[in-house]
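Just so it is clear, none of the values below were taken in a lab; they were calculated from the coordinates. Worth saying up front: this structure is predicted, and the values here are computed from it rather than measured. We place every Cβ from the backbone using ideal geometry, glycine too, and count neighbours over all the protein chains shown.
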Amino acid sequence: MDTCIRKTGTGNLSYLNNHLLDLGGNKTTNYDKLSPGALNSLASEGEQENTGGIPLTDYSERVCVSVIDIIGSTGIVSTIGRSKDIRTFYGIFINKISNILKKYRANIIKTVGDGIISYFPDTIDITNMRAFENVLECCFAQIEDRFAINSMLTEQRLPTITYRVSVDFGKVERTRFDGFDSEDLFGSTINVCSKMNLYAQPNCIVAGNDLYRIIRSFKELDDVYAFHEMDSYYCGAGKYSYPLYSLSRMKQTNIAPINTLNSTLHEIKKYVINGVTPLRIPKILLIDDELDDLFVLEEFLINAGFGVKSFSSPREALRHYANGDPLSYDLVISDIRMPEMNGFQLYHRLKTINDNVKIIFATCLEIVEEISALLPEFKQEHLIQKPVERDKFIEFVKKNMSK
């Protein structure tokens with residue numbers, strides 16, 4: 001039925017309603033009850049009506065277009081089962097991304113469950129640098145929000161997701177039927193942007209050459225965003241080559257005359273006071289429900305020059321990790337026997353948020369063999385027995401962090 005409606009448009013179809021017949025031959029205005037013959041008739045007459053001039057607004061312009069979609073959504077949804085849970089799954093993604101797009105002044109054209117197509121009307125003025133900066137920041141905001149999205153999915157006991165964003169600038173055809181608020185976009189820019197999306201790595205952004213050339217024209221933006229050329233996208237049986245770029249924020253200049261892992265806290269402080277900031281102080285997430293142990297280990301780490309965020313509640317630690325920036329942590333150190341959830345459960349939930357998370361256990365339990373059975377990927381060097389001497393503990397942490 002959707003195909004038929006698309007063929008006829010969404011204009012004023014009241015003249016058709018006088019002779020639409022259902023399967024029983026009675027007049028009807030309900031599309032779902034139409035007979036096959038009536039469907040074909042409706043499509044045919046709708047096309048004639050379009051050529052006859054349904055009131056509509058139709059014009060071309062050049063703007064930025066963006067596409068975001070979930071990777072492997074069909075396979076993911078097949079594992080969910082209940083329709084209610086599937087609606088929740090898609091609803092969390094669509095609502096979170098839609099709010100970001102609206103915040104950055106994007107107009108949403110289509111939502112298709114696992115994806116959203118949008119455009120940025122402010123970019124019609126190609127001299128408006130802030131409008132294009134806004135587009136790029138919107139793309140990054142969508143990617144960075146995956147931690148919050150996956151946290152919400154985890155709370156609902158639903159699978160976590162990865163997704164990708166594509167963005168480009170070009171000509172689009174905009175159509176709006178009079179009397180309706182919705183509009184639609186057509187044209188090669190939409191098609192290319194959709195195909196570009198397939199070239200993006202998980203949780204990454206791919207940009208087209210036309211957008212790249214505009215950003216390069218703004219010196220201020222060219223110094224902030226990095227475009228890394230990818231394999232060209234070919235269409236028209238290789239007759240036309242269109243360069244694509246993976247997009248990232250420009251990295252700061254590396255200044256590395258000090259190794260924070262092998263330096264004392266005094267050396268690091270002296271280095272900062274002298275006006276030079278080290279590359280980055282290693283950051284650790286520490287979880288232990290025993291407050292005395294938590295305090296001692298935290299002091300060990302801080303005095304050794306590490307940045308530490310500590311929690312006595314594994315649930316609070318998990319919430320913080322999911323809603324913040326998981327990639328900012330170089331290592332997670334956790335107790336095993338804890339209320340709410342044990343260290344193994346916490347490990348698996350952290351893995352759903354960041355598959356590359358590094359975690360080690362500091363525990364009073366003698367369960368090396370049990371850990372090996374439950375977590376085959378774990379080795380004895382991932383576990384240290386409490387209580388532990390400061391120097392031994394710091395050496396243990398540095399060794400695991402450097403792997």
Modelling each spin label as a point 7 Å along the Cα-to-Cβ direction, I'd like the Asn303/Glu220 distance in nm, to one decimal.
4.9 nm
Using R₀ = 30 Å, calculate the FRET efficiency as 1/(1 + (r/R₀)^6) where r is the Cβ-Cβ separation of Ala141 and Thr79; round to 0.05.
0.60
May I ask you to compute the full-extension gain from Lys195 to Lys351, defined as 0.36 nm times their residue separation minus their alpha-carbon distance, rounded to one decimal in nm?
53.1 nm
The FRET efficiency for Met129 and Asn99, from their Cβ-Cβ distance with R0 = 22 Å and rounded to 0.05, is 0.30
Taking 0.36 nm per intervening residue step and subtracting the Cα-Cα distance, what contour gain separates Asn342 from Leu291 on full extension?
16.8 nm
Segment Asp325-Gln385, length gained on full extension (0.36 nm per residue, minus Cα span):
18.7 nm
Tally Lys/Arg at +1 and Asp/Glu at -1 over every other residue whose Cβ is under 10 Å from the Cβ of Glu290; what's the total?
-3
Ser248/Lys398 FRET efficiency (R0 41 Å; Cβ-Cβ; nearest 0.05)
0.90
